[in-house]
Amino acid sequence: MTHYTTVRPPEAAPDWTIPQDWERYSADEHAMWDHLFERQTRLLPGRVAPAFLEGLDILRLSKPGIPDFAELNARLMDATGWQVVAVPGLVPDAVFFDHLANRRFVAGRFIRTPEQIDYLEEPDIFHDVFGHVPLLANPVFADYMEAYGRGGQRAGELGAIERLARLYWYTVEFGLLRGADGLQIYGAGIVSSFSESIFALDDPSPNRIAFDLRRVMRTLYRIDDFQQTYFVIDSFEDLLRQTVENDFAPLYRALQGANDIGAADVLDSDRVDHRGTQDYAHAKALSAGKHNA
Ligand code: PHE
Ligand code: CO
């Protein structure tokens, strides 16, 4: 998260939205969507939360290629009352939270180029729409996202945006779910990434630890590479209950001055599904060191 930019581009409305201009996408851009969509839908069955696959049909529209938000929104509105709106890039936190609190999900309009196929600095339309929209069609997750938006407005007043951003990061973006036959992915940052969809479940490197709200709020995260720790929820219902029924104001206060937990740290109090070797992260750090030497 951290959707800050300083100035609103002149073409954007006061709420920072811009028209999608679906007619302006090129054939190559539509082909990129179709390629990514095909690759992920082949990979995900058996790895992803069933609710994600159930929501995926919402993206199978009457025309192939990048979804036309007009058609997508008609379906999403019917399913859960959510809408997708296009924005020029990262938006200020307050704008982001206001959209969520009103069941509008902000999405980038551009799609990655072939050079960026597996590494992106800013979320594109494939991440934002393929990654996020299927679960917005799920009634429980849809409620969680709206509640999060209202929670964000509150966190802004309480000076606790970073604590809440960590919750978003480790659930909405990089969350795992405990399924009957093992762990499943559901976070948008994982499900929209071919390599992280494999890494998050199969690689021995990262920790996989049971979700704990306070613990997550204290945990640093990586924005430049695969996560070093993933947190596992028991169900969307449980996540919604824990976050909605809990008043975060006393929690933020209690955590004031608490030290941060490193992205790879494991605590004695953690319920650990898998203690990561961190081999991947260590190898990366070593090779980065060599480049700098
Ligand atoms: N219960 C939170 C609060 O008191 C709001 C919230 C709900 C935050 C759901 C995140 C997700 O601020
Ligand atoms: Co995202």
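Scan segment 44-51 and tell me whether some residue there is under 25 Å from Thr171 (Cα atoms) and part of a helix (DSSP H, G or I). So far as segment 44-51 goes, yes, one or more of its residues are under 25 Å from Thr171 (Cα atoms) and part of a helix (DSSP H, G or I). You will find that of Phe199, Phe194, Phe226, the residue that is in contact (Cβ under 8 Å) with a residue 60 or more places away in the chain, away from ligand 1 (no atom under 16 Å from the Cβ), of a type in the set (Phe, Trp, Tyr) and open to solvent by 20 Å² or more (accessible area, probe 1.4 Å) is Phe194 and no other.
Selection over segment 239-293 of residues that are under 25 Å from the mean Cα position of the chain (by Cα), assigned to a helix (DSSP H, G or I) and among the polar types (S, T, N, Q) gives a count of 2.
Restricting segment 96-149 to residues that are of a type in the set (Gly, Ala, Ser) and either away from ligand 1 (no atom under 16 Å from the Cβ) or part of a strand (DSSP E or B) (or both), the residue that is nearest to Thr171 (Cα to Cα) is Gly131.
For segment 48-62, the tally of residues that are out of contact with any Asp or Glu (no Cβ under 9 Å at 6 or more places or on another chain) and open to solvent by less than 50 Å² (accessible area, probe 1.4 Å) stands at 8. On inspection, Val216 qualifies as within 15 Å of ligand 1 (Cβ to nearest atom), in a helix (DSSP H, G or I) and in contact with a strand residue (DSSP E or B) (Cβ under 7 Å, 6 or more places away or on another chain). Here segment 159-172 is the region considered, the condition is being open to solvent by 20 Å² or more (accessible area, probe 1.4 Å) and of a type outside the set (A, V, I, L, M), and the residue that is farthest from Gln228 (Cα to Cα) is Gly159.
This table checks each residue for (1) within 17 Å of Ala155 (Cβ to Cβ); (2) surrounded by 12 or more Cβ atoms within 10 Å (Cβ to Cβ); (3) within 16 Å of ligand 1 (Cβ to nearest atom).
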position: Glu237; (1), (2), (3): no, yes, yes
position: Leu251; (1), (2), (3): yes, yes, yes
position: Gln256; (1), (2), (3): yes, no, yes
position: Ser269; (1), (2), (3): no, no, no
position: Ala283; (1), (2), (3): no, no, no
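For Gly65, the stated conditions hold: it is more than 25 Å from Trp169 (Cβ to Cβ) and buried (at least 16 other Cβ atoms within 10 Å of the Cβ). The test for being at pLDDT below 95, more than 23 Å from Tyr119 (Cα to Cα), open to solvent by less than 30 Å² (accessible area, probe 1.4 Å) and not basic (Lys, Arg) holds for Ala12.
The test for being within 14 Å of ligand 2 (Cβ to nearest atom), more than 14 Å from the chain's Cα centre (by Cα) and surrounded by fewer than 22 Cβ atoms within 10 Å (Cβ to Cβ) holds for Gly89.
For segment 202-218, a residue qualifies if it is touching a residue at least 40 places away in the same chain (Cβ under 8 Å) and among the acidic types (Asp, Glu), and the qualifying residues are Asp203, Asp212.
The values are calculated or read from the model by the stated rules, or taken from the named source; none is laboratory data. Treat the numbers as computed from the prediction; the structure is a model and nothing was measured. Cβ sites come from the backbone with ideal geometry, for glycine too, and all protein chains shown count toward neighbours. Surface accessibility is based on the protein's heavy atoms, side chains included, excluding ligands, DNA and RNA. Shrake-Rupley method; radii C 1.70, N 1.55, O 1.52, S 1.80 Å.
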